[in-house]
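Asker: Quick one: this structure, given as structure tokens, is what I'll be asking you about.
The values are calculated or read from the model by the stated rules, or taken from the named source; none is laboratory data. These numbers come from a predicted model, not from an experiment. Cβ: placed from backbone, ideal geometry, glycine included. Neighbour counts: every protein chain shown. In case anyone asks, the SASA skips ligands and DNA or RNA and just uses the protein heavy atoms, side chains included. Shrake-Rupley method; radii C 1.70, N 1.55, O 1.52, S 1.80 Å.
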Amino acid sequence: MAAAQEKRELRFDDNELAGVLYGDLNKNLQILENGTGVKINTRGSAVTISGPTHDVVLTENLLTQLYGLIQTGYPVFSSDIAFGLKILQANAKARLEQIFLDKVYVTTRNRVISPKTPNQKIYIDSIRENDVVFGIGPAGTGKTYLAVAMAVSALVNGTVRSIILTRPAVEAGEKLGFLPGDLAQKVDPYLRPLNDALIDMLGTEKAFDMIDQGTIEIAPLAFMRGRTLSNAFIILDEAQNTTREQMKMFLTRIGFDSQAVITGDVTQVDLPTNQQSGLVQARELLQNVKGIGFCSFSKADVVRHPLVQKIIQAYESDQSG
């Protein structure tokens with residue numbers, strides 16, 4: 001039986017704000033049409049939505065909520081259309097302002113960094129409430145990027161005096177000894193994602209100034225041994241590639257007035273098969289320890305290009321590997 005069809009009209013009271021909602025050359029509306037299968041026509045500040053009833057109601061809900069966000073001054077981007085659609089497809093009663101308006105940090109380019117999924121909102125709140133937080137899930141879910149944003153925000157606000165970003169120098173099929181260059185050159189590719197996130201938020205000049213001054217430190221996990229990390233925001237990235245000993249070493253480095261966020265994907269462990277991931281074990285041992293938060297992400301939280309979520313889903317569905 002064919003799905004029931006419906007046509008609805010929305011009218012917005014401000015032509016300029018409606019234009020922001022539509023996007024350049026109605027790009028935002030095109031994203032909605034591709035994501036739902038509805039047909040959207042505009043005439044000034046009026047929008048006509050036609051298609052299957054369920055999708056028409058969904059689109060009306062999303063446009064209404066996004067228009068409300070724009071009225072508050074929130075700068076809706078095309079990516080927000082995709083994120084909002086995904087949220088409302090999962091829960092039609094979700095309120096986007098409760099997620100999108102949680103401002104984490106504003107970059108040097110005046111771009112607002114905020115959570116884009118309910119789990120990202122939970123993650124941000126957990127970092128605010130706990131001294132140690134584990135963010136576990138697939139690539140593209142914002143685990144590391146949001147942690148860096150929270151660290152930069154804490155540094156700018158004076159909550160901490162320094163940021164320490166670290167990750168194990170372990171990748172599939174490679175060993176540092178086989179790579180060319182000195183130690184700094186060898187570990188640089190492993191730490192580059194953290195560096196890129198800092199530059200995106202602070203700008204190249206400010207980020208490198210802070211690194212030169214030692215306010216921000218980016219180093220391989222081995223450099224943490226024997227230290228006590230006080231008054232710092234510490235992020236351990238790619239933690240699935242830590243051993244039991246490395247994870248214990250890292251967690252026992254945390255000093256007073258410090259906060260730590262540990263991120264990783266337990267499905268992407270590059271350790272030898274006879275070694276258990278320190279992240280997997282930490283999740284088992286510390287799950288019920290007060291003051292430690294655990295946040296889990298899934299493919300539904302992927303905030304990269306929409307194809308990334310489909311790629312993850314395809315690999316999860318494949319039974320051959």
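Asker: Quick check: convex hull over the Cα atoms of region 241-281, volume per residue in Å³, rounded to an integer?
Answerer: Details: hull volume 2.4 nm³, N = 41.
That works out to 58 Å³ per residue.
Asker: Out of the chymotrypsin sites (Phe, Trp or Tyr not before Pro) in region 223-315, which ones are loop residues according to DSSP with at most 10 other C-beta atoms within 10 Å?
Answerer: When the chymotrypsin sites (Phe, Trp or Tyr not before Pro) of region 223-315 are filtered for loop state and at most 10 Cβ neighbours within 10 Å, F256 remain.
Asker: What aspartates and glutamates does K290 reach when the alpha-carbon gap must be under 16 Å and sequence neighbours fewer than 8 apart in one chain are set aside?
Answerer: Answer for K290, where 16 Å is the Cα cut-off: D125, E129, D131, listed by chain and number.
Asker: Principal axes first, then extents: for the Cα atoms of region 82-122, list largest minus smallest coordinate on each axis, whole Å, largest first.
Answerer: That works out to 34, 19, 14 Å along the principal axes.
Asker: Where does helix 183-202 land angle-wise versus the long Cα axis of the chain, in degrees 0 to 90, nearest 10?
Answerer: 40
Asker: Separate question: First obtain the Kirkwood hydrodynamic radius of the chain from its Cα pairs, then insert it into the Stokes-Einstein equation at 25 °C and 0.890 mPa s, and state the resulting D in µm² per second as a whole number.
Answerer: Rounded, D is 114 µm²/s.
Asker: Now for a separate question. Does anyone have the angle between helix 27-36 and the longest principal axis of the chain? Alpha-carbon axes, 0 to 90°, nearest 10?
Answerer: Computed tilt is about 90 degrees.
Asker: On a 0 to 90° scale, report how tilted helix 118-129 is relative to the longest principal axis of the chain, with both axes built from alpha carbons and the result rounded to the nearest 10.
Answerer: Approximately 40 degrees, to the nearest 10.
Asker: Now for a separate question. Sort out the exposed loop trypsin sites (Lys or Arg not before Pro) in the chain (DSSP loop, at most 16 other Cβ within 10 Å) and tell me the longest stretch that has none.
Answerer: 1-92
Asker: Oh, and also: For a quick size check, give me the Cα extents of region 1-94 along its three principal axes, largest first, whole Å.
Answerer: Answer, in whole Å and largest first: 43, 28, 21 Å.
Asker: For the chain, what proportion of DSSP beta bridges, expressed in % and rounded to the nearest 5, is antiparallel? Don't jump to the answer; show the numbers that get you there.
Answerer: Numbers: 15 of 40 bridges.
Around 40 percent of the beta bridges assigned by DSSP in the chain are antiparallel ones.
Asker: Using a 1.4 Å probe, what is the accessible area per residue for the chain, in Å²? Walk me through the numbers before you get to the answer.
Answerer: On the way: 16650 Å² over 321 residues.
Here the per-residue accessible area is 52 Å².
Asker: Of the options G37, G140, A3, report the single residue whose Cα projects farthest towards the positive end of the charge dipole of the chain (beta-carbon charges: Lys, Arg +1; Asp, Glu -1).
Answerer: A3
Asker: OK, next. Compare the peptides 96-102, 145-151 by average per-residue count of other Cβ atoms within 10 angstrom and give them in order, highest first.
Answerer: Ranking the peptides 96-102, 145-151 by packing returns 145-151, 96-102.
Asker: If you roll a 1.4 Å probe over the chain with all protein chains in place, what percent of the accessible area is carbon or sulfur? Walk me through the intermediate numbers first.
Answerer: Working: 8390 of 16650 Å².
That fraction is 50 percent.
Asker: Translational diffusion coefficient, Stokes-Einstein: compute it for region 51-157 using the Kirkwood radius over C-alpha pairs as Rh, at 4 °C and 1.567 mPa s, and state it as an integer in µm² s⁻¹. It would help to have the intermediate numbers written out before the result.
Answerer: Numbers: Rh = 14.9 Å.
Value of D from the Cα-based Kirkwood radius: 87 µm²/s.
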